[in-house]
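Novice: Got a structure here, written out as structure tokens. Questions coming.
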Amino acid sequence: MGSDARLPRYLGVAFIAQFVTSLSAGILSGSTLTGSSISDVLVNVSANLTQMRVSTLLELLTSVGIVALTSLLYVVLRGENPAVAVVAFGLWLAEAVMLGVSTLGLYTLVTMGPEFAASGTADASFYRALGTLFLGLDQHAGDIDMLFFCLGAILWYTLLLRSRIVPRALALWGLLAVLLVLVGTLILIWDRSLSPSIALYVPYVPFELVVGVWLLVRGAPRSPAPPHEAHP
């Protein structure tokens, strides 16, 4: 697990930060990127620019946080299985990259929203076409980002289950919950119109907060004391 006993607490902070930034960004953007048409979406974005800018910033912080989190997980868990840790590390780096691509689409929508609202009817079709393109970029890159997340999380939480860093029940919760998220992600990648049930995601939502608080409070597990040597 490494010689630094503070590493699990750093890992806990990283989990908590990920929970806060990713959930906040999703709530802010999800409440705005709604509507029956791309025109409605662009109008909503234009009316909520500050909210969308904050969401974009939080998405970027989440992407950076993923790099920090996966680096800490690698340092803490590589002793369990170095090969699996390397693959998981690569999958979550790919997640961070795809989240950046998704955020690019979101950022472009923030730029386009006011322009669409101010445009005349002659330019409306142009902005609708671009809006559809960049909304799709945000959504589909986000779906692929979630696929990399799920595959990496399965490996990380398997290593976590094998380690003594957190209770086995807690690691098992994360592993089983992320399998449900993977099902929902695969449904979206197959056909976004299928809209998988939110019930597939709910069991995982509090996991990162709970495991983060556990690691932050408990820190490194105590090693058993060595047996006393017999003296002649």
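Nothing in this text is a laboratory measurement; each read-out follows from the coordinates by a stated rule. Predicted, not measured: the structure shown is a model, and the values here were computed from it. All Cβ positions, glycine included, derive from the backbone under ideal geometry; neighbour counts span all protein chains shown.
Novice: Could you please rank Asp143, Asp138, Asp191, placing first whichever residue has the fewest other Cβ atoms within 10 Å of its Cβ?
Specialist: Fewest to most other Cβ atoms nearby, the residues stand as Asp191, Asp143, Asp138.
Novice: May I ask you to list the residues of region 17-47 whose amide nitrogen lies under 15 Å from a point 7 Å from Cα along the Cα→beta-carbon direction of Arg53?
Specialist: What the label zone holds, given the 15 Å backbone N cut-off, is 45-47.
Novice: Would you look at the GNM of the chain, springs on alpha carbons closer than 10 Å, and say which of Gly113, Gly100, Gly79 moves the most?
Specialist: Looking only at Gly113, Gly100, Gly79, the largest GNM fluctuation is found for Gly79.
Novice: If you average the C-alpha positions of region 9-45 and of region 113-191 separately, how far apart do those two centres end up, in angstrom?
Specialist: Answer, in whole Å: 11.
Novice: At 0.36 nm per residue, and after removing the present C-alpha to C-alpha distance, how many nm does the segment from Asp4 to Thr132 gain when stretched out fully?
Specialist: On the way: separation 128, 0.36 × 128 = 46.08 nm, distance 4.89 nm.
Full extension of this stretch gives 41.2 nm more.
Novice: State log₁₀ I(q)/I(0) for region 7-218 at q = 0.12, 0.13 Å⁻¹ as given by the Debye formula over alpha-carbon point scatterers of equal weight, solvent excluded.
Specialist: -0.64, -0.74
Novice: Using 0.36 nm per residue of separation minus the Cα-Cα distance, give me the extension gain between Ile198 and Leu186 in nm, one decimal.
Specialist: Answer, rounded to one decimal: 2.9 nm.
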